[in-house]
Every structure is written in C-alpha cells, then in structure tokens.
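Engineer: Structure incoming, see below.
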Amino acid sequence: EPMDLVWTVNGLGYENRLEDRDESGSPKLTDRDGRNQRANAGHSLRFGNLTFSQGITGEESDLDPKPGVLVDTTTTTDLPGETTRRLTWNTSLSYQQNLIGSLRVTPQLSVNGQMLESPLTGNEVIRSPVSLNFGTSVAADIYGFWPGIGPFERFRHKFSPNISYNYRPAPNVSEMQDSVFGSTTRATNATTLSFSQTFEAKRPAEEGADSADAPASDD
C-alpha cells in the first residue's frame, strides 16, 4: 500500500504590540512604555506514520527609559531603556504505531534550545545547552452510544485516555545557564495521564426532507 508524503505549515506569524501607558505623575515601575515583537514559524513532514517537525520562535521586548521611579517613600531613580531578545527552537521525530483497534503508541525524540540577551545576562547572548528529550505516549479512543433525549435521536460519547512518559537527561550547564534558563536545563523523568472526551448529538431526519425529495405523482 503506497504511503502519502504530507508537508504541513504548522505556524507562521508575526505580532507587533505597542504599550503606551499613562505615565504622567506615576512613579511606579509597572507604568512604563514599551514594545513587544514576536515571530514564529514551524512545519512538519509526515511520511506514513513517521513525522518530522521543526519550529522556531523569536521575541524582542523593549522598555523605554523612565525617570523618577519610586524606590522607597522618599527616593526616586532614573531607569534606562531595556531590551530583551529570546530565540527558541525545536526539532522532533515521532512514529505512530497502530496496535489493536484504536490503541496506538507513539515514541518520540526531540531536541531543543534557547538563546537569550537581556539585562539579566549583562546584555550578552547566552545559549542554553541543547536539551535532548526521549518520550512515548499510548492512547486509545473508546466510543459509547446512548439513547436520545428530547429532539435528539441518540448521543455518541468519545473517551480518549492518554498516558505519556518523558525523560530528559541532565546536560552540563554553567551557573549562569542554570540561573537564566532554570528548569528547562534540568533532568526530567515524568509520567503524565490525561483524558479528553467529546459528545455528539444526532437529530432525526426532518419529516419534510423525504417528501421534498420524493418524485411528484401524476393524477
């Protein structure tokens, strides 16, 4: 049986948001003008049950200088402008293996990383260590049918349990990388159980539909 090759653009966007706050007479740090830009792109390539995906997101946040910021009840200070730039990327490879009925297992391998430039890093570009993740998920769809109520002929209930496991070994990180990127650079060994469900209602065919489609009889 031939397998389809499908290429899908999962995300492609750009956002530019200006924040114009009323700073007149306000010494608060939170009342500060700025601008946020965000761009993202992603795609996936599926060949049969094998899927290869990639994504990248870039963000830039600018805060304008602000004079007269209240430090305590009697002291103020002038804040300089600040710029924060962040780049995140990920690549993953997964394979869905169908077992019995709707039961399926999907092992996955992913690699991701980050880059950050901000006052937190001394306005220098800091790269996170490359994070390698191993995981698998087992899922199934269970259907149930129920008698109807009122104007509905019957209901269909779809219940989908999913159990997933993810393991990420601890990479070698510097003290700066750990303080900047935190939990994203630490080891993970976790199992997650989740459920989703949907209800669908079927209405009986309209009585007039059959008569409208039936051919007219000759007298």
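Engineer: Fully extended, how many nm does the chain gain between Ser183 and Ile142 (0.36 nm per residue separation, minus their Cα-Cα distance)?
Structural biologist: Length gained between Ser183 and Ile142: 11.2 nm.
Engineer: Which semi-axis lengths, in whole Å and largest first, follow from the square roots of five times the eigenvalues of the Cα gyration tensor of region 111-185? Before the final figure, lay out each step's value.
Structural biologist: On the way: eigenvalues 469, 56, 12 Å².
Semi-axes (√(5λ), whole Å): 48, 17, 8.
Engineer: Additional query: Where does each of Trp89, Trp146 land when they are ordered by accessible area, with a 1.4 Å probe and the largest first?
Structural biologist: If we order Trp89, Trp146 from most to least accessible, we get Trp146, Trp89.
Engineer: Hey, another quick one. Using only protein heavy atoms and a 1.4 Å probe, report how much of Thr91 is accessible, in Å² to the nearest 10.
Structural biologist: About 40 Å², rounded to the nearest 10.
The values are calculated or read from the model by the stated rules, or taken from the named source; none is laboratory data. No experiment lies behind these values; they were computed from the predicted model shown. Surface accessibility is based on the protein's heavy atoms, side chains included, excluding ligands, DNA and RNA. Shrake-Rupley method; radii C 1.70, N 1.55, O 1.52, S 1.80 Å.
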